[in-house]
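One structure is given below, encoded as C-alpha cells.
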C-alpha cells in the first residue's frame, strides 16, 4: 500500500491556512466546539456522573463499578455482546465489501436493483427484521422449517432462529448495508489508474480487487467494520427477541433488566456502559494505528471517474452472491410481514377468507398516531441527518486538516455517543437537554438534538473517510492562488465531497428512521416516531398492525432514499462532466 | 378488531348507557361541571399510562374527549416501568409534565408517596369498585386504575383438554409445548413467579425447567407463540389480551386455573406537580364512570365497577384468585428473578 503514501502531510495545509483570515476559522471552530459540547459532552458527562452515584441514595459511590466486576452475571453479557458484535462485523464486512465492489465497479447485471434492495435492508429496523425471521425460522412453526420438514420428511428444524447464530445472522444481514454503503461510496469516487496499472501488468480481476481496489478503500472498510461492530454491541431488539429464549444475556438486554427492576437501576446501567467506551476507544485506536501514517488519496488533481470491470462469465455468480442480503434481509422477511399484515387474524394462517386491507387502511387513513408518527419520523430524520452531516463533516475537516490543536480529543469526544446503548443515552439526553441553556423537553428539538448527537460519529467517520480520499494538494493550490480558507472549502473541498455527502446523509437519515431506544424518554404523544409506535404495537401483541406499519415505514423510507440516490447519481455525473475537461488539458 | 370493539362498545353502551347516565351520573353533575370548566381553562391533559394496551387506553381517551370537549389529551402509552422512569426523570430535573400516572406496579406508588410526589385525591365513583379494592391507600394518593388477570392460554384448534391448573401444566405431555414470558422483562410474569413460588416453592420452577418451556420476553409473547403455532399452552399469560385475540378470530382461548388466577392491580395517581391538576382530577373521576367500564368490558378487561358486567358473563366472584401483597414485594420479585435465572436460564 506504500504506493499511496504521499510525502506531505495534510497538516501542513492546516498550517498554511492558519496564517490567513483567522476569524473565519475561529468562528467556525468555536461554533462547532460549542455544538459538540452541548450536544455530546453534556449528555455523556451526565452518564459518567450518574455512573458514580448510587441508585437508592443518590450519593457518590464507586460501588456500581465494583458490582460490575464482582457481582454474579455481570461479565458474561459483555462477553456475549463481544461475540455477537465481532461476528456481526466480520460477516457484515465479508458480505458488504465484495457486494460494494460488485455493485460499484463491475458489470454485474441488476446492479441498480441490488443497490436499492440493500438499502431496503438498511431502512428496516432490525427488530422488525427479527420479527419477520421469527415467522420464518422459529424452530417449530417457522415457515421455512415447516417447508423443510415437508420436503425432508424429518422432525428436526433446518434453522433455529432462537440461538446465538440466529441472532448473529439477523444482526449481520441488517448491518451489511453499513459496510456496503460506506465502501460503495468510496469505490464510486475512486480513480482507476492503479487498477489499470495492475491489469496492464497482467493481474486478474480478483487479484486486482484484493491487492489494489480493496486496499485503496481500506479507510472505508475499517469504518464499516467499526460501525458494524458498534451496531452489534448496541442493538436491543434482535438479542431481546432471539436470545431471551436461550437465556443468553447481552449488554443491551442486561441494561433493559436494570431498567426493569424496582427501583430501576439507572446509575448502575450507566456504569455498565463504560467498558463499551473503552472497547470502542480501542477500536478507533487500532484504526488510527492502521491508517494513521498512510494517505489514501483517491481524488487528486488528475482524478477521473471509474469505469466498470467486465466480469464476463462470472457476472451471474456475482449476482447470486449479491442476492444474499436482498433475499434474506428484505424479500423473505417482508413476505412474511406482508402475509401477516393482510390477515384479519394472523393465527388462522393465510387464506382468501382471512384476507383484508383493513390494517393498511387503518394505518394510513384512520389512525392519527401513525400519520403523525410517519411525518415526525421523516422530518426528524431529514433535519437531523442534514445537521449531523454538516457538523460531522466540519469536525472531520477540522480534525483531518488539523485546524486546531487537540484534534485527538475532539475526535474521541465526537465518537463517544454511538457506543452507548440508546436507553442509557436517552437518560443522558434527558438530563442535558431539559435544563438550561437547552430547555427543550417536550419539543421536537430535543429529539432532533438527540439524533444528531447519537449519529454524529457516523457523519464524522464518513466525512473523515471522504477527506482522506481527497488530496490536500487541491486545497493547497486554491490557497496558493489566493482563495480564502472558506472559499477553498466551499469551492474545492465541499464540491469534491458532494456525492459522498449524500451517501453520508443517507447513512444518518436511515439509522434515525430505524432508531428505537434513544428517543424513549424524550418523545411525547405529539412527537412520537414510527419505531416507538411499532414497538408499542408489538408490546401490545398487535402483530397485524406491527406488520402493516413496518411495510409502510419501508415504503416511505425507500421513497426518500430513492430520491436521494437519484440526486447522488445526478451529482456524480455532473462532477464527472466538469472534471473530465480538466483532465484533458 | 377495531370494528368489533366498536360494535361491542356501542351495543353495551346502548343497553347500559341511557339508564346509567340518567341514574348514576346526575348526583355529581354540578361538581363535575365546575371541574370541567377548570380543566378547560387548563386546556390539556398529559396521560402517562402503561396499564391497558394501546387500543383500550385510546378508546378511553377518545371517550373522555367526547364527554369533555376543550381539553387536549396527550396520551403517552409506554411500558409501565418506562413511564415511571420518565416521571422520576422529570422530578429529578424539575420538568414536571405528567398529569396522570397509570402503571401496573404498586411499588411505584408507594415510593412516590414516600417522597411526597403524589396529590391526594379521592375520585368520584370509586365506591363502585369491588369492595376489596377500595381505599387501597388510606390517604387517597393512588387508586386502582386497572385489574389485570394472569391465567393460562392455549391453542384452541390443537388442544382439546387444556391444563386446568398451574400444577396440571407440569404434566409430561406438555414437554416442549409450553411458552412463558420472562420475569426479568415483564412485571406481570414477575408477579406470577412470586405467586407460584409462594404456592409451590422452587419445585415448580424445577419441574417447569424439565419441560423445556419457550421463554419469551413479555407475557404477550405467549399469545404470539400460540398464534404462530410455535407452542400450544401459555403460562403466566394475559387473560384479557388472549380473549381479544380469540374474539378477532384467532385459535386461542384461556383457562382460569383452579389453583388461582393471579390478579395484579394497575394503579392511577396524580403527581403533586401535575401541570393540569383539574384535568387530571376530571380524568380520575372519569375512570370510574360506567362508560369506561363498558369500554373495558368490550376489550375483555375486568371492569372497574361492580355494576358493569365483564365480557362473556365472567366476573371476579367466579374466579379463584390470588394477589401478591405489596409488603416485601420488591425483595420477592428480585429473589424470584434470581431463582428463575438459576433454574430456568
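Quick test of your reading of the structure: residue B:264 fulfils all but one of (1) crowded, with 24+ Cβ neighbours inside 10 Å; (2) within 24 Å of residue B:130 (Cβ to Cβ); (3) within 14 Å of another protein chain (Cβ to nearest Cβ). Name the failing condition by number.
(1)
Considering segment A:307-351 alone, what residues qualify as being in a helix (DSSP H, G or I), surrounded by fewer than 19 Cβ atoms within 10 Å (Cβ to Cβ) and within 14 Å of chain B (Cβ to nearest Cβ)? Please lay out each step first, then the result.
Filtering segment A:307-351 down to residues in a helix (DSSP H, G or I) leaves A:312-322, A:324-341, A:346-348.
If we keep only those that are surrounded by fewer than 19 Cβ atoms within 10 Å (Cβ to Cβ) too, we end up with A:312-317, A:319-321, A:324, A:327, A:331, A:335, A:338-339, A:348.
Selection gives A:339, A:348.
On the given criteria, is residue A:301 modelled with pLDDT under 90, surrounded by fewer than 22 Cβ atoms within 10 Å (Cβ to Cβ) and not in a loop (DSSP other than H, G, I, E, B)? Before you say what the answer is, go through the steps one by one.
On the way: modelled with pLDDT under 90: yes; surrounded by fewer than 22 Cβ atoms within 10 Å (Cβ to Cβ): yes; not in a loop (DSSP other than H, G, I, E, B): no.
Taking the combined requirement at face value, the residue does not satisfy it.
State the number of residues belonging to segment B:50-77 that are within 22 Å of residue B:297 (Cα to Cα) and within 11 Å of chain A (Cβ to nearest Cβ). Let's see the steps before the verdict.
Start the filter on segment B:50-77 by keeping residues that are within 22 Å of residue B:297 (Cα to Cα), which leaves B:50-68, B:75, B:77.
Now restrict to residues that are within 11 Å of chain A (Cβ to nearest Cβ): B:50, B:52-58, B:61-62, B:75, B:77.
So the count comes out to 12.
For segment A:235-257, check the following and say yes or no: at least one residue is more than 14 Å from chain B (Cβ to nearest Cβ) and without any contact (Cβ under 8 Å) to a residue 60 or more places away in the chain.
Looking for residues that are more than 14 Å from chain B (Cβ to nearest Cβ) and without any contact (Cβ under 8 Å) to a residue 60 or more places away in the chain, one finds none in segment A:235-257, hence no.
Could you please let me know if residue B:176 is under 18 Å from the mean Cα position of the chain (by Cα) and either closer than 20 Å to residue A:244 by Cβ or in the same structural domain as residue B:286 (by TED's automatic domain parsing) (or both)? First the steps, then the outcome.
Working: under 18 Å from the mean Cα position of the chain (by Cα): no; either closer than 20 Å to residue A:244 by Cβ or in the same structural domain as residue B:286 (by TED's automatic domain parsing) (or both): yes.
Criteria not met by residue B:176.
Which of the residues belonging to segment B:187-241 are within 9 Å of chain A (Cβ to nearest Cβ) and part of a helix (DSSP H, G or I)?
Correct list: B:187, B:190, B:220, B:221, B:223, B:224, B:225, B:226, B:227, B:228, B:241.
Being away from chain A (no Cβ under 14 Å), touching a strand residue (DSSP E or B) at 6+ places or on another chain (Cβ under 9 Å) and crowded, with 20+ Cβ neighbours inside 10 Å is true for just one of B:272, B:304. Which residue is that?
B:304
Residue-wise test of (1) modelled with pLDDT under 90; (2) within 30 Å of residue A:195 (Cβ to Cβ); (3) assigned to a helix (DSSP H, G or I).
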site: A:112; (1), (2), (3): yes, yes, yes
site: A:121; (1), (2), (3): no, yes, yes
site: A:130; (1), (2), (3): no, no, yes
site: A:135; (1), (2), (3): no, no, yes
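What residue, among those in segment A:511-547 that are more than 21 Å from residue A:238 (Cβ to Cβ) and out of contact with any strand residue (DSSP E or B) (no Cβ under 7 Å at 6 or more places or on another chain), is nearest to the other protein chains (Cβ to nearest Cβ)?
A:521
Just one of B:146, B:172 is surrounded by 21 or more Cβ atoms within 10 Å (Cβ to Cβ), more than 16 Å from residue B:192 (Cβ to Cβ) and modelled with pLDDT of 95 or more; which is it?
Criteria check complete, one pass: B:146.
Residues A:448, A:510: which one is over 26 Å from residue A:219 (Cβ atoms), in contact (Cβ under 8 Å) with a residue 24 or more places away in the chain and in a helix (DSSP H, G or I)?
A:448
In contact (Cβ under 8 Å) with a residue 24 or more places away in the chain, in contact with a strand residue (DSSP E or B) (Cβ under 8 Å, 6 or more places away or on another chain) and either surrounded by fewer than 20 Cβ atoms within 10 Å (Cβ to Cβ) or within 14 Å of chain B (Cβ to nearest Cβ) (or both) - does that describe any residue in segment A:181-193?
yes
For residue B:289, which of the numbered conditions (1) touching a strand residue (DSSP E or B) at 6+ places or on another chain (Cβ under 6 Å); (2) crowded, with 24+ Cβ neighbours inside 10 Å; (3) more than 14 Å from chain A (Cβ to nearest Cβ) fails to hold?
Failed condition: (1).
Restricting segment B:327-345 to residues that are facing chain A (nearest Cβ under 9 Å) and surrounded by fewer than 16 Cβ atoms within 10 Å (Cβ to Cβ), which is nearest to residue B:191 (Cα to Cα)?
Out of the qualifying residues, it is B:334.
Look at residue A:367 and say whether it is without any contact (Cβ under 8 Å) to a residue 24 or more places away in the chain, facing chain B (nearest Cβ under 10 Å), surrounded by fewer than 21 Cβ atoms within 10 Å (Cβ to Cβ) and more than 22 Å from residue A:536 (Cα to Cα).
So residue A:367 does not fit the description; no.
Here is a yes/no grid of residues against (1) in contact with a helix residue (DSSP H, G or I) (Cβ under 9 Å, 6 or more places away or on another chain); (2) at pLDDT below 95; (3) closer than 26 Å to residue B:194 by Cβ; (4) in a helix (DSSP H, G or I):
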| residue | (1), (2), (3), (4) |
| --- | --- |
| B:292 | yes, no, no, yes |
| B:295 | yes, no, no, yes |
| B:301 | yes, no, yes, no |
| B:305 | yes, no, no, no |
| B:330 | yes, yes, yes, yes |
| B:333 | yes, yes, yes, yes |
| B:337 | yes, yes, yes, yes |
| B:345 | yes, yes, yes, no |
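Considering only residues of segment A:352-364 that are away from every other protein chain (no Cβ under 12 Å) and at pLDDT 90 or above, which is farthest from the chain's Cα centre (by Cα)?
A:355
Take the residues in segment A:137-165 that are part of a helix (DSSP H, G or I) and without any contact (Cβ under 8 Å) to a residue 12 or more places away in the chain, then tell me which one is farthest from residue A:333 (Cα to Cα).
Step by step, filter segment A:137-165, then rank; the result is A:152.
For every residue, the table says whether it meets (1) in a strand (DSSP E or B); (2) facing another protein chain (nearest Cβ under 7 Å); (3) over 15 Å from the mean Cα position of the chain (by Cα); (4) surrounded by fewer than 17 Cβ atoms within 10 Å (Cβ to Cβ).
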site: B:81; (1), (2), (3), (4): no, yes, no, no
site: B:87; (1), (2), (3), (4): no, no, yes, no
site: B:94; (1), (2), (3), (4): no, no, yes, yes
site: B:97; (1), (2), (3), (4): no, yes, yes, no
site: B:101; (1), (2), (3), (4): yes, no, no, no
site: B:116; (1), (2), (3), (4): no, no, yes, yes
site: B:124; (1), (2), (3), (4): no, no, yes, no
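Would you mind stating whether residue A:442 is within 14 Å of another protein chain (Cβ to nearest Cβ) and not in a helix (DSSP H, G or I)?
So residue A:442 passes the test.
Picking from A:431, A:449, which residue would you name as being in contact with a helix residue (DSSP H, G or I) (Cβ under 7 Å, 6 or more places away or on another chain), under 30 Å from residue B:44 (Cα atoms) and within 14 Å of chain B (Cβ to nearest Cβ)? So that I can check it myself, show each step before the final result.
Details: A:449 fails: within 14 Å of chain B (Cβ to nearest Cβ).
Just one listed residue meets the conditions, A:431.
The values are calculated or read from the model by the stated rules, or taken from the named source; none is laboratory data. Source: prediction; values computed, not measured. Glycine also receives a Cβ, built like all others from the backbone with ideal geometry; neighbour counts cover every protein chain displayed.
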